[in-house]
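Readers should treat all values here as calculations from the given coordinates under stated rules, not as data from a laboratory. No experiment lies behind these values; they were computed from the predicted model shown. Every residue, glycine as well, gets a Cβ built from its backbone with ideal geometry; the counts of neighbours run over all protein chains shown.
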Amino acid sequence: MIGRRKFIYDVWGDTVNMASRMESTGVPGRLQVARETYERLGGRFELEPRGLVEVKGKGAIETWFVVDRP
């Protein structure tokens, strides 16, 4: 938190970096997720495997596209 009169929040860390990398390696108009998100969605969404994507600072990670709700 920054400031005393007006609060400004800044989020940092691995989660933010990963979200940025998912966006930058994604495909326009599609939502791409990594394994952690895929597991949390737990059958509540239809996901299409995209395969391995090279992610800066992480190497090759397995990704999926969110397609729809079942």
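Work out from phi, with θ = phi - 60° and the Karplus expression 6.51 cos²θ - 1.76 cosθ + 1.60, the ³J(HN,Hα) of each residue of segment 26-39, listed in order in whole Hz, and give x for Gly and Pro.
x, 10, x, x, 10, 9, 9, 10, 8, 3, 4, 6, 3, 5
What is the extension gain from ASP68 to ARG5, computed as 0.36 nm multiplied by their sequence separation minus the C-alpha to C-alpha distance, in nm to one decimal?
18.4 nm
Give the longest segment of the chain that steers clear of trypsin sites (Lys or Arg not before Pro) in DSSP loops with at most 10 neighbouring Cβ atoms within 10 Å, not counting the sites themselves.
In short, 7-43.
Among residues other than SER20 whose Cβ falls under 11 Å from its Cβ, what is the net charge (Lys/Arg +1, Asp/Glu -1)?
Once all neighbours under 11 Å are counted, the net charge is 0.
When Lys and Arg each count +1 and Asp and Glu each count -1, what net charge do the other residues less than 14 Å away from GLY29, Cβ to Cβ, add up to?
Here the count lands on -1.
Consider the candidate values (i) 3.7; (ii) 6.3; (iii) 11.3; state which one is mean projected area of the Cα convex hull in nm² computed from the structure displayed.
So the calculated entry is the one marked (ii).
Helix 14-24 against the longest principal axis of the chain: what's the angle in degrees, Cα atoms only, rounded to the nearest 10?
Around 60 degrees separate the two axes.
Taking H as built 1.01 Å from N, whose amide H comes closer than 5 Å to the amide H of GLU46, not counting residues under 5 places away?
VAL67, ASP68, ARG69
Stretched out fully, how many nm does the piece from LEU41 to TRP12 gain, at 0.36 nm a residue minus the Cα gap?
Value of the extension gain: 8.1 nm.
Rounding to the nearest 20 debye, state how big the charge dipole of the chain is about its Cα centre with +1 on each Lys and Arg Cβ and -1 on each Asp and Glu Cβ.
440 debye
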